[in-house]
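The values are calculated or read from the model by the stated rules, or taken from the named source; none is laboratory data. Since the model is a prediction, treat every value here as computed from it, not as a measurement. Using ideal geometry, Cβ is built from the backbone for each residue, glycine included, and neighbour counts are taken over all protein chains shown.
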Amino acid sequence: MASKTLVIIGNGLAANRVLEQLGETHPFNAIHVLSDEPVAHYNRIMLSPLLAGETTLNTITPHTEAWYQRKLIAVYLNQNVAHIDTDRQQVICGSGNRFAYDALIFATGSRSFIPEIPGSESTNVVGFRSLHDVKTILERLAEIQHATVIGAGLLGVEAATGLRSHGIQVTLLHRNPVLMNRQLDATASALLKKELLNRGIDVRTGCSPLELCCDDAPARQINGIIFEQTDHHIRQHQNTDLVVFATGIIANKELADNAGIHCGSGIQVDALMRTSHPHIYALGECCEFNGNTYGLVAPIWEQASVLAQYLRHYYQPCQQSPVNTAEPLPRYQEQHHLTKLKVSGVDIHSLGQFEPDSSTEVLQLLDEHAGIYKKILLRDDRIVGALCVGDATDSHWYYELMQQGDSVTALRPTLLFGKAYC
Ligand SMILES: Cc1cc2nc3c(=O)[nH]c(=O)nc-3n(C[C@H](O)[C@H](O)[C@H](O)COP(=O)(O)OP(=O)(O)OC[C@H]3O[C@@H](n4cnc5c(N)ncnc54)[C@H](O)[C@@H]3O)c2cc1C
């Protein structure tokens, strides 16, 4: 197969990780990256520190123009891909531009889910997803006295602390009684809540938004929120002039769906990141593998590595088929990952299973006053999960032990105190 053209839709973390993994000796004679954003690739994870004023856009923009040029990559900004012609192997942008491909990667990520409650279309209602969202918030800070963040998952907590660091009043609403309930148990959540309250954030758990109140047209500026304490059906009103939704994400799969590519909640891929169509691949938050979709980068790094190796192999000149390979190609597999909250001064790491079941044992220590909580879950004397709050020095070590799957019987007496004591 002669050298070919690769087109990538999206210029986020997944796309750039594939480009990094492809290296400078990739098999394509041209790579076109099409982005609907107006700015160069930035590290989306670092939008939280950017909102908090702890970093700059320059610092979180990892690749220079020279970096792309060396790899024969052309990046096209403001190019919203509107249609894929799979018969002609062409990508068609809203601008009318067309790009022919031999290989096509969907790296279209996801978008904020904003529930359709009355008022959600008003001015000063934003998601927390893109540089545009963060710029919108920062530009309006001067006129904002009170902000409400809806959803206290990882993103919501980071958004609330980021906003609070600018000195404005912040209410954080969360439907579940446990903050970051996908990563934390009730004890860890209580410690986090205490820390957020200490920072002056008004934390309301077990509460759902019912309505956003706004000025009359044409301004339709937010001026309040009505929410309900779900257990007691008590309604409350809070004056607020900014609402940030951190209530989940929706995979950007519609483009693929309209092209007839198989989709569920995301674009369905196999363990080599191949979609149902030949020469079309997907990875990152837009994809679905074995019924799972993604919201964190660790699995995306693995997907990028798998896809880059596959592309290097399959599209290398003179290679006719991916089948006759001496080395088997790596395949994507689901794994547990380590999740970290990125709030300065709050160390919270979570990995694997954190709620015990009938087959697990729990080792834990709690010092409420010092805000330190460690919990390790063991099954057959092997680590299957851990929570570290207030002191996360050993979370990576616990993660390694979990990955290795070895017995920790010999380490048990001092395991909670960390590697230094074992
Ligand atoms: C504020 C914030 C903090 C986060 N913190 C963490 C963290 O601490 N740890 C962690 O693991 N994860 C974190 N995440 C999640 C992580 O950022 C995502 O998992 C990751 O960015 C997903 O990468 P992606 O490339 O799949 O999607 P994206 O980064 O969303 O990139 C997709 C790109 O495709 C573009 N696009 C979509 N459709 C089209 C189209 N039709 N035409 C052209 N372009 C298109 C989009 O505009 C976007 O630029 C955080 C996310 C946010 C928003």
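For this structure, a couple of remarks:
- Filtered residues of region 41-77 (kept if in a loop (DSSP other than H, G, I, E, B) and either assigned by TED's automatic domain parsing to the domain that holds Leu163 or of a type in the set (Lys, Arg) (or both)): Lys71
- For region 120-136, a tally of residues being out of contact with any helix residue (DSSP H, G or I) (no Cβ under 6 Å at 6 or more places or on another chain) and either among the aromatic types (Phe, Trp, Tyr) or under 14 Å from Ile150 (Cα atoms) (or both) returns 4.
- Residue in region 229-242 that is within 16 Å of the ligand (Cβ to nearest atom) and outside any strand (DSSP E or B) present: no
- Residue count for region 123-138 satisfying the condition of being touching a residue at least 40 places away in the same chain (Cβ under 8 Å) and within 15 Å of the ligand (Cβ to nearest atom): 11.
- Qualifying residues in region 139-164 (those that are part of a helix (DSSP H, G or I) and either among the acidic types (Asp, Glu) or away from the ligand (no atom under 13 Å from the Cβ) (or both)) - the one farthest from Pro49 (Cα to Cα): Glu143
- Candidates Tyr281, Tyr294, filtered to the one that is in the same structural domain as His26 (by TED's automatic domain parsing), of a type in the set (Phe, Trp, Tyr), within 11 Å of the ligand (Cβ to nearest atom) and buried (at least 19 other Cβ atoms within 10 Å of the Cβ): Tyr294
- Members of region 34-65 found to be more than 11 Å from the ligand (Cβ to nearest atom), among the hydroxyl-bearing types (Ser, Thr, Tyr) and surrounded by 15 or more Cβ atoms within 10 Å (Cβ to Cβ), listed by number: Thr55, Thr61
- Members of region 165-190 that are part of a helix (DSSP H, G or I), surrounded by fewer than 22 Cβ atoms within 10 Å (Cβ to Cβ) and among the hydrophobic types (A, V, I, L, M, F, W, C): Ala186, Ala190
- Matching residues in region 208-243 - criterion: being crowded, with 16+ Cβ neighbours inside 10 Å, among the β-branched types (Val, Ile, Thr) and without any contact (Cβ under 8 Å) to a residue 60 or more places away in the chain: Ile226
- Note on region 104-118: among residues that are within 9 Å of the ligand (Cβ to nearest atom) and touching a helix residue (DSSP H, G or I) at 6+ places or on another chain (Cβ under 8 Å), the one that is farthest from Ser305 (Cα to Cα) is Ser112.
- Here Ala217 meets each of (1) modelled with pLDDT under 95; (2) among the aliphatic types (A, V, I, L, M); (3) touching a His at 6+ places or on another chain (Cβ under 7 Å) with one exception, condition (3).
- Qualifying residue in region 67-77 (condition: over 24 Å from Ile300 (Cβ atoms) and near the ligand (Cβ under 9 Å from one of its atoms)): no
- Residue within region 15-30 that is under 30 Å from His174 (Cβ atoms), modelled with pLDDT of 95 or more and either in contact with a Gly (Cβ under 8 Å, 6 or more places away or on another chain) or surrounded by 14 or more Cβ atoms within 10 Å (Cβ to Cβ) (or both) present: no
- Matching residues, region 12-28, being outside any loop (DSSP other than H, G, I, E, B) and within 7 Å of the ligand (Cβ to nearest atom): Leu13, Ala14, Ala15
Yes/no matrix, rows are residues, columns are (1) over 30 Å from Gly23 (Cβ atoms); (2) touching a Phe, Trp or Tyr at 6+ places or on another chain (Cβ under 6 Å); (3) not hydrophobic (A, V, I, L, M, F, W, C):
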| residue | (1), (2), (3) |
| --- | --- |
| Ile73 | no, no, no |
| Ser95 | yes, no, yes |
| Arg111 | yes, no, yes |
| Glu143 | yes, no, yes |
| Ala160 | yes, no, no |
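- Scan of region 207-222 for residues that are out of contact with any Ser or Thr (no Cβ under 8 Å at 6 or more places or on another chain) and either more than 18 Å from Ile150 (Cβ to Cβ) or outside the structural domain of Thr240 (by TED's automatic domain parsing) (or both), ordered by number: Asp215, Asp216, Ala217, Pro218
- Every condition in (1) buried (at least 21 other Cβ atoms within 10 Å of the Cβ); (2) more than 10 Å from the ligand (Cβ to nearest atom) is met by Gln309 except one, and the failing one is (1).
- From the options Ile31, Ile92, Ile9, residue that is assigned by TED's automatic domain parsing to the domain that holds Val306, within 16 Å of the ligand (Cβ to nearest atom), within 28 Å of Glu254 (Cα to Cα) and without any contact (Cβ under 8 Å) to a residue 40 or more places away in the chain: Ile92
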